[in-house]
Amino acid sequence: MMKIFNTRLNAPNDAQKIQLAKQHQTNDYLLLDFDTRQHSRFKATTVAGESVGIDLPRTGTLKGDDVLINEAGELIQVIAKSQVVTKVTADDVFALMKGAYHLGNRHVPLMFDQSFDHGDAEYALYFENDHVLAQMLERLGLRVEDASVPFEPETGAYQSGQGHSHGHSHSHAHSSSDSHSHSHSDIHGNTHGASDSHEHKHENSHSHHHGHHHSHSHHDEIVGQPK
């Protein structure tokens, strides 16, 4: 029978930490990208190749190092998988702040970082690849490049665990609006056969001279071993 993990473990005790360390040695953990970690119900495959089910309340995106527990007391740890994202740097912090503002104005999940090697740059921004946004940032004088890192964007507005895949079309007018529609389908890979779907529509008015249309669609996937 497939193991189903349905609870986050906020603070593993010493015995549980020892157990997790042993599981790491046998590749008994989950390596998941950002899009997958935003879902609450999905089927995944451990690095060792075992299929497991995740059935959590909608309490936010799973983060790297989160630990899940099932009713039998078994544990599984989530590790954030490295993925190709867009890295943004600048010669000065003020320019990078402008870039962060324009990305935030478009509701783009952003990771702020000071720990990776940025060369002469002290800070960096990361977001999911989008060539339209990359071109916008280049016009602002920022440096844009691909990077492979575990993507852990800032929480807050996206703590609801919603998945985001961005497609952008931009138009310019004296008045503008942002229209977002989201469709999520969570496929629970166990005997529950549960499915969740919800749609959101937001209308926001801005004094800025731009308009955006974002289309979002995510389906929970079976996560395989890392490539």
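Brief remarks on what is shown
- Taking the stretch 52-61 as the range and being open to solvent by less than 40 Å² (accessible area, probe 1.4 Å) and closer than 30 Å to Thr86 by Cβ as the test, the residues that pass are Ile54, Leu56, Gly60, Thr61.
- Hits in the stretch 97-106 - residues which are in contact (Cβ under 8 Å) with a residue 60 or more places away in the chain and surrounded by 17 or more Cβ atoms within 10 Å (Cβ to Cβ): Arg106
- For the stretch 74-96, the tally of residues that are open to solvent by 40 Å² or more (accessible area, probe 1.4 Å) and modelled with pLDDT of 95 or more stands at 4.
- Of everything in the stretch 23-51 that is more than 23 Å from Val85 (Cβ to Cβ) and out of contact with any Asp or Glu (no Cβ under 8 Å at 6 or more places or on another chain), the residue that is surrounded by the fewest Cβ atoms within 10 Å (Cβ to Cβ) is Gln25.
- Looking across the stretch 73-96, the residues that are touching a residue at least 40 places away in the same chain (Cβ under 8 Å), in a loop (DSSP other than H, G, I, E, B) and more than 18 Å from the chain's Cα centre (by Cα) come down to Glu74, Ala90.
- All conditions but one from (1) at pLDDT 95 or above; (2) surrounded by fewer than 18 Cβ atoms within 10 Å (Cβ to Cβ) apply to Gly64; the one that does not is (1).
- Among the residues of the stretch 100-136, those identified as of a type outside the set (A, V, I, L, M, F, W, C), at pLDDT 90 or above, closer than 25 Å to Arg37 by Cβ and not in a loop (DSSP other than H, G, I, E, B) are Gly104, Tyr126, His131.
The values are calculated or read from the model by the stated rules, or taken from the named source; none is laboratory data. As the structure is a prediction and not an experimental result, all values here were calculated from the model. Cβ sites come from the backbone with ideal geometry, for glycine too, and all protein chains shown count toward neighbours. Ligands, DNA and RNA are excluded from the accessible area calculation, which covers all protein heavy atoms including side chains. Shrake-Rupley method; radii C 1.70, N 1.55, O 1.52, S 1.80 Å.
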